[in-house]
Every structure is written in structure tokens, then in C-alpha cells.
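Here the structure is laid out as C-alpha cells; the discussion comes afterwards.
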Amino acid sequence: QVQFSSDRVWSGPWGHCRGGLPRLLSAAMSGVGSKTELLNVLGDVKARVQDKLGVVNFPMPQFILIGKQSVGKSRLIEALAGETFNFISGSLGSRRPTVLEFRNVAAARSSRWYVRDQKSQQWEEHPIERVMKLVGQLHEDLGESVSAEPIYVRIESCGCVDMQIVDLPGFRDFAMDASKQHLARQIEDLDMTFMRDKRNVMLCVEQAADAATMSSLQKCRTLDPRFERTILVRNKLDKFYNDLTSENVGRWVDGFGDLPDNLVRFALTLPYWKEGTMPPKPFRELAEDMNAEDVKQMSMRGLSQKYMQTVGFKNFVSFMEKKIERMFVESIGPVLTSLKELRVKAEKDAKALSMEFSDTDPHRILSTTRDCGVSFAMALTHVMEGVLDLKPTMTLEEELKEFHAYHQAIGSTHFSFLPSDDFTSLNDYVEYLRNDIQLATFDVELNGGAQFRRLMSEVEIFLRFSEIAVETKKRDVIQARGVSMGNLTWRDVVVKLLSNEAHMPLSRRVQYVGERIKWFFIQQKEAVVEFMDQLKGTPSANMYSPLYPKHAKLIKQNEMIKHLLFQTYDKACQRQLLQFVELFDNMLTSTFSNPWVFLKGSNTQGEKEDGSAAQAADGGNAKQAVDAPSLRSFDDTKERIPKEIQGRSGIEAVLSRWLTEIPTDSSQIDEAVDKVQMLVLKTYSFIRSQVCDQVELFAESFFKLPMMRRLEEDMAQIELTDDDNANYQARRDRLTDDIERAQDGLVEIDGCINRIQSFKLKCEARGVLVGL
């Protein structure tokens, strides 16, 4: 323990603190933060906001410490902290920021050290030895990499400055190998990120050498050309005593013209002793001796009083006292504004928690969940109708890539991923759609109904690539006809071949269509919730249910409600997929079992004998019919009906004519095989064309409309399992704690606001202007 001339005792590592400091530095060093009411007020506010509310990014004064390795940055921090410590960071040095939170506690009998736990984000108190080990380990864990995630260390004592300083890894001008050079570049990038933040004041530490060689200061000049937030600290002044004379001392302090007049700079010597030994004196006595020697040596050399104010640690601390106080004064406005914004947010959060607690009452939780689900189902209709500025959105390329990635991840094999084997990859198909088909909305980010319409165009193109998988061989034709040439008609042979060779390729592509539609609807979940949530406070809110914003907030906040709604929605999508595929497949089965009926019923035009489309019976009068300003007469209608009936039988007549042209004589089997092959391909092309033309109708009828009509009913029939009830109860228990913390937070915020406003009123009563 070290006893000074007053009745106060200071020691740090050498004794205990009873609120006093050594004589020479007490006025300057203890005044920074502990002797000013303003700093006490803001220090208390900062402690309450950061410790009790967990708000780390708060608009309080902050200094960042920069410089090369071994220039004395650590010793400057020790001087500001009022005691010695050493964060061992291994042979590679520090590789991440260390945020040092200095708290001046006038009544503290000894220093107390804390480290913020990276997982819990709570301060944990440790002995200084443990703190040094923890910090060193956090650096060592990075290996040869760099992290922007800081280490938070807090010191509470009666001798430290009330401020926050970020100790950044030192710049490295020289590296032995490629890995060290890479590390040096990473560290420089990290430091420059902090230096670019205009809220940070840079304490640039350099050796007291020629100003032209100060590389760290040059980096500051790049980002702060006017040096408005740069303070230069020239350390190790004692090494240059012998080089200074009465003729050059003034010019040396001025940097021989290399330092601009507006740059705040100090030259000083920080305490030092032989490495590996104990300090010969208490740290503050050493600081006092070094300060006195600096002042003595520069005075002996006739340095003017103008420059003497920039010499020694005491003058540096006095400047910091004024600088910090000015910065704190300037921060009062932003701090008060931030607190008021924090209060608004806290009130809103507390209200939302209370509402959720009420809505999750065991007696009404089921109805609440169902109500949210019904609102969700109704909102889906609006999203499908089209909503502007709704997120998330995606282009067709993003949609296809995410769809493929999803099904490849789950190992889907029941449908074709590409429309044809001629496409070697998805990228080929994407380029085809973009460059060859030139879909107008290909690169447009869409969701909802617009995305569905684009989806229909894509799946129609996909279906049109369907081809009979194998070539119809002579053996297949003979086998399908049977043993005797007279047992089956050629019509039956064509049906057999179509069912055997054409049904499966088209069916696999129909599976693709169904999976694409299902995936589309699943992707709309977040967009629907976003639509419900963004309505509040907008002009369009009156056009929709007022329950949408409330239910959206519940869905976002309550994971159980969200899970149940999304689970029900996904089940509805899967149900409609199965129905869509089943109905579509039944339609294909019936089509291939009797293609003539299908083609007869869907055709409205005649066919020329060569298979090409003929003009409609009344095609010559088509334009006149469109342009006619009045409805057709009864006579026109009577004339139209026979023509339509005749048109319906056009393809059937052509196919029948082709069938009769197939020879039945066994000696002409080769010619018969060729004609059968041609007929199979022609018939399949007719069927494929009709299916593709109507795919949007099938998607609307078999998937979209049934799903949207039945979704409200599905949501209204949600039931809770015992596990769901248990999870809801667990959520209510957490809500109780959250509401209590929210109320406590509001009390803390109100206390902080009242503290600052009371201080403002006191200053105004005294006639003191504090920059408010």
C-alpha cells in the first residue's frame, strides 16, 4: 500500500482506493468524469441503458485507439485506466477490437473488472488475472484470421476516466511471409472500417520521431483530411531529449512544417520499466515523474508557452477532460432523442406482449389461432389479385433455381426436372426461356398473381417439349395387332401404342406442373404475412379487414401460431397437389384410352387432308363478326350451329381417313408400320397441343380455385394437440417474464429521461447553456 501526503490512499494493484489520487495528477486525472456533474449524469444513463436494457450501440462519446504495433497504445490505455494490466494476445498480437468501458466510481475501494459474455451478452465479473486470460484466449481462438466482433471489457474504479475507448489491432508495416502479409491486410481493413465511422474520435499514437514518417497519421489524413476528429499522441519523447536544442525544439514540436496547425497533438513519455520486472514505483508515481521530466526538459530548451501546453501526460489528460466534457455536452441532444425513440419502441413492444398474452389465454387460444388462420386465408386472395411493393419477390431464374435446389435436396425423382434430354442443365433451360422464348417478365421480380401467371407460361412451354420416349418399332406394331391380322383394327393398335409409349412422358411432366404450382403457393406464405403486417397506417388499410395487422403481429411474434398456420397451409397445398395430379392423370388416362372422342370434343376447326389446320367454316366472315356492332340475329345463330357441329368432327374425319389408308394385307406390313408410326405421332401431337392449350384451365380448376376456396375452412378447423397446448403454456410463461422485463425497461428509460431533463432544468436555472 502506498501512502501519499494527503489522507487519501490509492493503490490499484498495490493497495486500496479510498477516493483519493496522488497530488499532482489528482486535479487533472480524477476530474475527467468523476468531478463533473454532466459526466456523472451521462455516465449513470449509459450504465442503466447498457447494463439493464442491453443496448450496446448508444450515442455516447467513443474514442478509437490506432497505431502501429509497439508504439505504446497499451501503455496509454493503462494510463487512462489508472492501473497496469496486459492483455496477452499471443505471438500474432491482437486480431479483434477490444472495447474498454471505463467507469469512474468515486466510492470504489478497489478496481472491479468485467467481461461481457459473447453468448448471453451479460457482464460477468472476474479477477484481473482471469480477465487477461479470457481476452488473450479470445484472440488466440482466431488463429491467423481477424474478426470484427469485439471483446467488451469494463473497469470500475475511482481513478479511471468515464469514457469508452476501442483498442484496435496495431498496423503491421512488415510481414515475413504470405500468411502474415494477409493477416496485416485484414487488420488494416478492420481498422479502417472503424476509422471511417465519423462518430469515432481517433487517438493516433506514433513514436515521437520525424512527422514525415508517421504512417498511421497518414491513414487518418486520408479519412479525416481536416483532422477534425484526429488527436495525435507522440509517445517516447524521452528518446529525443538529446536531439533537441533551443534552436530546433519549437520546429520539432511543430513537426518541421509537416503537421498542420489545426491538428491537435501531444508529445509525452508514458511510464515504462525493464521488461520482465516489477515497476519500480506505483504506476501513477511513474506517470507523475515522466510528466515532470518531460516538462522540465522541454522548458530547459526554451520551448514557448504555446507549445508547452502540448507536452506531458498531464496536459494530455487536461485536454481529454475538456474534450470529453464537450463531447458529452454535444451528445446530450442525441442521447435524449435516442431515449425517447427507445421509449416509443419499448411501449409498443410492451403493448404487443400484453396483447399476445391476452390472446393466448387458454380459454381463447384455439379461437385466436383459427382467427389468424382465416385472416391469412383471406389475405392470400388479395395477394393473388396483385399487391404493389410487396416482398419477397423473385425473378423466374431465381424461382427455377430455388425450386430445383429444394427438390434435389429432398431427393425427388417422380417427375422430370428438365423438359427435354436435349437440355444438359438447368442453365440451358433458363437461357432458352430468356433468349429464345423471351418471356417478357423473365427478369422481373414478382410475387402473388403476377408470379402465378408467369408460372403458367413456363409450365406450358415445359409441357410442349413432351415427346414419345421411344421410336415405334415394327415389332411393337405387329405385337399390338395380335397374331392374326384380322383380330384387331388399326384404331385399337394406335390406342395401345399411345397408352404404352406416350402416356408416361406426359404424366411425368404433369407431375412437374403440379410440383411447380405447389412450390409457388408455399413460397407465398411470407408475402401474405408481410401484406397483412404492412397495412397498418397506410391509406389502403381501410380497403381490407382491420384484423389483418393485429393477426400478422401475432403470427410474427408467436411461433406456435405461425407453425400451426403454416403447417395447415402446407397440408392444403399437398392435398391440392394430389388432387390436381389425380384429376389430370385421370383425364390423360381417358384421353389415351379413346383419343378420338377427346379430339372430337375439343376441336373447332376442320383439318386439311395433309393434317394442317383448315380455315373455319365461317373464317372469311370472322373479321366482320368481330367488327359487328350488334348481336347476331336468330337466323345467324341457326346458320352457325351446323357449321360448329361439322367443325367438331373435322379431326375425327381426318384420322378416320388415315386409318382407312393403312393396308391390311400381310404382304404390306412395312408400309402399314410406317403409316401407323405416323398416325401415332400425329395423334400424340394433337393430344399434347390440346393439353398444353388448356393447362392453365386445369391449374385453375384442379389446384388454385379449390385450394383458395377451401383454405378458410381448413384454417377454421385447426385443432390443438396436447403438445400444442403445452407449448402455448410455455410461451405464456415466457411472455410473463418478457412483460415484466419490458415494464422494468420502461421504468429505466423514464428514469434516464427524467435524469437528463432534470439536469437540463438545473443548468437553465443557473443560466448555464449545455448545448441542448
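The values are calculated or read from the model by the stated rules, or taken from the named source; none is laboratory data. Since this is a predicted model, take the numbers as computed values, not measurements. We place every Cβ from the backbone using ideal geometry, glycine too, and count neighbours over all the protein chains shown. Just so you know, the surface numbers come from the protein's heavy atoms only, side chains and all, with ligands and any DNA or RNA stripped out. Shrake-Rupley method; radii C 1.70, N 1.55, O 1.52, S 1.80 Å.
Go through the range 160-206 and give me each residue that's over 23 Å from ASN104 (Cα atoms) and of a type in the set (Asp, Glu).
At the first step, the residues of the range 160-206 found to be over 23 Å from ASN104 (Cα atoms) are 169-198, 204-206.
Within the range 160-206, ASP173, ASP177, GLU188, ASP189, ASP191, ASP197, GLU206 qualify.
Against the definition (free of Cβ contacts under 8 Å to residues at least 12 places away in the same chain, at negative phi, open to solvent by 10 Å² or more (accessible area, probe 1.4 Å) and not acidic (Asp, Glu)), how does ALA184 come out, yes or no? It is false that ALA184 is free of Cβ contacts under 8 Å to residues at least 12 places away in the same chain, at negative phi, open to solvent by 10 Å² or more (accessible area, probe 1.4 Å) and not acidic (Asp, Glu).
Can you tell me how many residues within the range 559-576 are more than 24 Å from VAL387 (Cβ to Cβ) and buried (at least 22 other Cβ atoms within 10 Å of the Cβ)?
Filtering the range 559-576 for residues more than 24 Å from VAL387 (Cβ to Cβ) gives 559-560, 563-564, 567, 571, 574-575.
Then drop every residue that is not buried (at least 22 other Cβ atoms within 10 Å of the Cβ), which leaves 564.
Number satisfying all stated conditions: 1.
Pull up the range 691-742, narrow it to residues that are of a type in the set (A, V, I, L, M, F, W, C) and not in a helix (DSSP H, G or I), then point me to the one that is farthest from PHE357 (Cα to Cα). If we take residues in the range 691-742 being of a type in the set (A, V, I, L, M, F, W, C) and not in a helix (DSSP H, G or I), then ILE718 is farthest from PHE357 (Cα to Cα).
Looking only at the range 250-267, filter to residues that are of a type in the set (D, E, K, R) and farther than 16 Å from LEU237 by Cβ; which one of those is least open to solvent (accessible area, probe 1.4 Å)?
First pass over the range 250-267, keeping only residues of a type in the set (D, E, K, R): 251, 254, 258, 261, 265.
Now narrow it down to the ones that are farther than 16 Å from LEU237 by Cβ: 258, 261.
Details: ASP258: 69, ASP261: 140 Å².
Filtering the range 250-267 for residues that are of a type in the set (D, E, K, R) and farther than 16 Å from LEU237 by Cβ, the one least open to solvent (accessible area, probe 1.4 Å) comes out as ASP258.
Whenever a residue of the range 375-393 is more than 17 Å from ILE522 (Cβ to Cβ), its partners that are open to solvent by 50 Å² or more (accessible area, probe 1.4 Å) and not in a helix (DSSP H, G or I), lying with C-beta atoms within less than 9 angstrom and at least six residues away or across chains, give the pairs MET378/TYR544; HIS382/TYR544. Scanning the range 403-418 for residues being open to solvent by less than 90 Å² (accessible area, probe 1.4 Å) and in contact (Cβ under 8 Å) with a residue 40 or more places away in the chain gives a total of 7. For SER111, the conditions (1) over 30 Å from HIS182 (Cβ atoms); (2) at pLDDT below 85; (3) small (Gly, Ala, Ser) all hold with the exception of (2). Exactly one residue among ASP173, ASP177, ASP167 is touching a residue at least 40 places away in the same chain (Cβ under 8 Å), over 30 Å from the mean Cα position of the chain (by Cα) and on the phi < 0 side of the Ramachandran plot, and that residue is ASP173.
State which residue is most open to solvent (accessible area, probe 1.4 Å) when the search covers only the range 307-354 and only residues that are among the small types (Gly, Ala, Ser) and in a helix (DSSP H, G or I).
Filtering the range 307-354 for residues among the small types (Gly, Ala, Ser) gives 312, 318, 331, 333, 338, 346, 350, 352, 354.
Checking which are in a helix (DSSP H, G or I) leaves us with 318, 331, 333, 338, 346, 350, 352, 354.
Numbers: SER318: 32, SER331: 12, GLY333: 28, SER338: 30, ALA346: 20, ALA350: 8, ALA352: 10, SER354: 51 Å².
This residue is SER354.
Could you check THR269 against (1) among the hydroxyl-bearing types (Ser, Thr, Tyr); (2) part of a helix (DSSP H, G or I); (3) modelled with pLDDT of 85 or more and say which number it fails? That leaves (2) as the condition not met.
Name the one entry in VAL295, VAL335 that is farther than 30 Å from ASN754 by Cβ, touching a residue at least 12 places away in the same chain (Cβ under 8 Å) and of a type outside the set (Phe, Trp, Tyr). Steps first, answer last, please.
Values: VAL335 fails: farther than 30 Å from ASN754 by Cβ.
When all the criteria are applied, what remains is VAL295.
Considered as a group, the residues in the range 419-460 that are open to solvent by less than 20 Å² (accessible area, probe 1.4 Å) and of a type in the set (Phe, Trp, Tyr) include one that is farthest from the chain's Cα centre (by Cα), and that residue is TYR429.
The test for being at pLDDT 85 or above and not acidic (Asp, Glu) does not hold for LEU679. Among the residues of the range 719-743, count how many are in contact with a Leu (Cβ under 6 Å, 6 or more places away or on another chain) and β-branched (Val, Ile, Thr). Going through the range 719-743 one residue at a time, the tally reaches 1.
Between ILE437, ILE478, the distinction of being out of contact with any Lys or Arg (no Cβ under 9 Å at 6 or more places or on another chain) and modelled with pLDDT under 70 belongs to ILE478 only. Here LYS198 clears all of (1) more than 32 Å from the chain's Cα centre (by Cα); (2) loosely packed, with under 12 Cβ neighbours inside 10 Å; (3) not in a helix (DSSP H, G or I) except the condition numbered (1).
Residue-wise test of (1) under 30 Å from ARG464 (Cβ atoms); (2) touching a helix residue (DSSP H, G or I) at 6+ places or on another chain (Cβ under 7 Å); (3) without any contact (Cβ under 8 Å) to a residue 24 or more places away in the chain.
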site	(1), (2), (3)
MET678	yes, no, yes
GLU696	yes, yes, no
PHE702	yes, yes, no
ASP714	no, yes, no
TYR728	no, yes, no
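Which residue out of PHE759, PHE702 is more than 35 Å from the chain's Cα centre (by Cα) and within 30 Å of THR381 (Cα to Cα)? Walk me through how you get there before you give the answer.
On the way: PHE759 fails: within 30 Å of THR381 (Cα to Cα).
PHE702 is the lone residue from the list that is more than 35 Å from the chain's Cα centre (by Cα) and within 30 Å of THR381 (Cα to Cα).
Kindly indicate whether any position in the range 492-504 is open to solvent by less than 60 Å² (accessible area, probe 1.4 Å), more than 60 Å from the chain's Cα centre (by Cα) and modelled with pLDDT of 75 or more. Full working, then the answer.
Step one: filter the range 492-504 for residues open to solvent by less than 60 Å² (accessible area, probe 1.4 Å), giving 493-495, 497-499, 501-503.
Add one more test, that the residue is more than 60 Å from the chain's Cα centre (by Cα), and what stays is 493.
Keeping just the survivors that are modelled with pLDDT of 75 or more gives 493.
Looking for residues that are open to solvent by less than 60 Å² (accessible area, probe 1.4 Å), more than 60 Å from the chain's Cα centre (by Cα) and modelled with pLDDT of 75 or more, one finds at least one in the range 492-504, hence yes.
Looking at the structure I just gave you, is GLU247 acidic (Asp, Glu) and open to solvent by less than 50 Å² (accessible area, probe 1.4 Å)? So GLU247 fails the test. Inspect the range 231-240 for any residue being buried (at least 18 other Cβ atoms within 10 Å of the Cβ), under 33 Å from the mean Cα position of the chain (by Cα), at pLDDT 90 or above and within 30 Å of ASP44 (Cα to Cα) and give the result as yes or no. No, that holds for no residue.
Considering the range 122-148 alone, what residues qualify as being open to solvent by 80 Å² or more (accessible area, probe 1.4 Å) and part of a loop (DSSP other than H, G, I, E, B)? Full working, then the answer.
Step one: of the range 122-148, the residues open to solvent by 80 Å² or more (accessible area, probe 1.4 Å) are 122, 125, 127, 129-130, 133, 137, 140-141, 144.
Hits for the range 122-148 are GLN122, PRO127, ASP141, GLU144.
The numbered conditions (1) closer than 21 Å to GLU385 by Cα; (2) of a type in the set (Val, Ile, Thr); (3) open to solvent by less than 30 Å² (accessible area, probe 1.4 Å) are all true for VAL510 except (1).
Would you pick out the residues in the range 205-222 that are open to solvent by 40 Å² or more (accessible area, probe 1.4 Å) and either among the charged types (D, E, K, R) or under 16 Å from TRP252 (Cα atoms) (or both)? Once the filter is applied, which keeps residues that are open to solvent by 40 Å² or more (accessible area, probe 1.4 Å) and either among the charged types (D, E, K, R) or under 16 Å from TRP252 (Cα atoms) (or both), the range 205-222 yields GLN207, ASP210, ALA212, THR213, ARG221. Among the candidates ARG710, ARG734, ARG755, the residue that is open to solvent by 70 Å² or more (accessible area, probe 1.4 Å) and in contact with an Asp or Glu (Cβ under 7 Å, 6 or more places away or on another chain) is uniquely ARG755.
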